[in-house]
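Enquirer: My structure is below; once you've seen it, I'll send some questions.
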Amino acid sequence: MTGTTHGTTDPDRPWARDGVGPRTKGLRLAAPATVADVLAGRPRVTDDAFSWPLLTLDDATLDHNVGVVARVCAERGVEHAPHVKTTMSRALYARQAAAGAWGATVATPSQLRTVRDWGVPRVLLANELLDPREIAWLRADLTGVVDGAPDEVWLCVDSPHGVDLLARGLAGAPAAVRARVGVLVELGVPGGRTGVRSTAAALDLARAVRASDLRLLGVTGYEGSVAGGTSADELAAVAAWCDGLRDLGATFVREGLAGADEPLVLSAGGSSFLDVVLAELPGPAAGADGSEVEVRVVVRSGAYVTHDHGFYSRTDPWSRIPGAEPLRGAATVWGQVLSVPEPGLAICGIGRRDVSFDIDLPVALWLRSQSDDGWLPARELAGTRVTALNDQHLYLALDAGEAGASQVTGPATAQVRPGDVVGFGISHPCTTFDRWRVAAVVRGDEVVDLATVDL
């Protein structure tokens, strides 16, 4: 969504009415306000409305990432239901929806209720729904949908108990409501997380779904449990898993369990291995009589919207897809230098409460210095390395390496001063966004939107 109109509350930007205030991290507000109020003065990140630490998202990079994924999926006839648990931001999902996303993927019943409250008509819950209260809520939610609306919710199952709970919770519901609930049998891997562990168990579960008069769509799974890297052997293992998922779906078709009244659905993740998913899953399946059955491939890539400067940068499938473009890191967390207590060390005012650290530590990208006339433009910062995080402190080793040292004038030690601000790239955006209620969307220093986050 480009060309944002500052301070508007138009229907295309309903989050502009979201409330922020003195307790919103990253903002310096004296009283409660709305996103539109903050944006009304066309602010810059260095204006009084903002404070450090601050999470910013580059507007052009967001557009690039969303556009690349949308184009590649469309070119290959694959539907996309981005996993919004990465950001839980209505503003960022709006960009994905505008680019053609089929719907949103979520991980929990709470997230399901949140995105339905956003007004998202089609949602895929990538887990089993096991709380009778949540099934009752889903039934009531879909009962209120008007005829002809596109609303539907897809769910995973990996146990007979889950099928039984869902069947009992929907018993006696109008046919129109039951038709809006789609069921996917989840295939897992030994030692992995959810999902049945064998073809036989998956078939038994599919038969139970059909016997319960539930709408069986096909099969789903998460290929990320198969491999942690992108070596040739690991990519081959992911390809073999995708082949198994496809074979399971074809077995459903041959046994008349799915694919008769609507296309067979095959769903996978794709954040790190979308190149393999796109190579293995699309294409029709063979019916019992040898006829071709249409297959709908729905991918659930989520972290791509902001990408990162760590894990996803290393495993980026877009660099391996012919005709695609590599994604770029959109998120920067800015922290003020609190102290330079000894040569070669700066302590910055961000920590575990501000940035992800579950896979990699942050990486220093930019340095902003103050002058008598205000903040100077950000410049690249090289020769540094983050060595540790406390709850609210980051340890930045200066002159830690030679890589990129030619990009700055003089050693990093000579440049970094207390009061300066360092911009850090992150690894694994999901565990950065869960530390923020708002992210400032920027073009340079200008804040063009505030993306609110529902935790």
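Derivation of every value follows stated rules applied to the coordinates shown; laboratory data play no part. Nothing here was measured: the structure is a model prediction, and the numbers come from that model. Neighbour counts are summed over all protein chains in view; Cβ atoms, including those assigned to glycine, are modelled from backbone coordinates with ideal geometry.
Enquirer: Counting only DSSP beta bridges with both residues in the stretch 262-353, tell me the antiparallel percent, nearest 5.
Expert: 50 percent
Enquirer: At 7 Å along the Cα-to-beta-carbon direction for both VAL146 and ASP289, put a label point, then send me their distance in nm to one decimal.
Expert: In this crude spin-label approximation the distance works out to 4.0 nm.
Enquirer: Say R0 is 22 Å: what FRET efficiency, to the nearest 0.05, do ALA179 and ARG207 get from their beta-carbon distance?
Expert: Once the sixth-power term is evaluated, E becomes 0.65.
Enquirer: While we're looking at this one, here's another question. Would you kindly calculate the mean projected area, averaged across all directions, of the convex hull enclosing the Cα atoms of the chain, in square nanometres?
Expert: Values: hull surface 94.4 nm².
Result: a mean projected hull area of 23.6 nm².
Enquirer: Now a separate question. In whole Å and largest first, what semi-axes does the C-alpha gyration tensor of the stretch 121-301 yield when each eigenvalue is scaled by 5 and square-rooted? It would help to have the intermediate numbers written out before the result.
Expert: Numbers: eigenvalues 149, 64, 49 Å².
Listed largest to smallest, the semi-axes of the stretch 121-301 are 27, 18, 16 Å.
Enquirer: So for the pair ASP131, ASP247, with labels modelled 7 Å out along Cα→Cβ, what separation do we get in nm?
Expert: Modelled inter-label distance: 3.8 nm.
Enquirer: Going by Cα centres, the stretch 204-244 and the stretch 277-348 are how many Å apart?
Expert: Centre-to-centre (Cα) distance: 19 Å.
Enquirer: Let me ask another. Could you work out how much longer the chain between SER110 and ARG23 gets when fully extended? Use 0.36 nm per residue separation minus the Cα distance between them, nm to one decimal.
Expert: So the chain would gain 29.0 nm between SER110 and ARG23.
Enquirer: Next up: Quick one: compute the contact order of the chain, relative version, from alpha carbon pairs under 8 angstrom and 6+ residues apart, as a percent.
Expert: With pairs under 8 Å counted, the relative contact order is 18 percent.
Enquirer: Oh, and also: Rounded to the nearest 500, what is the 222 nm mean residue ellipticity of the chain from helices alone, with -39500 (n - 2.57) per DSSP H run of 4+ residues and division by all residues?
Expert: -8000 deg cm²/dmol
Enquirer: Based on Cβ point charges of +1 for Lys and Arg and -1 for Asp and Glu, what charge dipole magnitude is obtained for the stretch 121-301 about its Cα centre, in debye rounded to the nearest 20?
Expert: Rounded to the nearest 20 debye, it is 460 debye.
Enquirer: Additional query: By DSSP, what percent of the beta bridges with both residues in the chain are antiparallel, rounded to the nearest 5?
Expert: For the chain, the DSSP antiparallel bridge percentage is about 55.
Enquirer: Using a cut-off of under 13 Å, list every residue of the stretch 46-61 whose amide N is near the label point 7 Å from the Cα of TRP366 along the Cα-to-beta-carbon line.
Expert: Backbone N within reach: 46-47, 54-61.
Enquirer: Separation of the stretch 123-177 and the stretch 43-94 by C-alpha centroid, Å?
Expert: With the stretch 123-177 and the stretch 43-94 each reduced to a Cα centre, they are spaced 30 Å.
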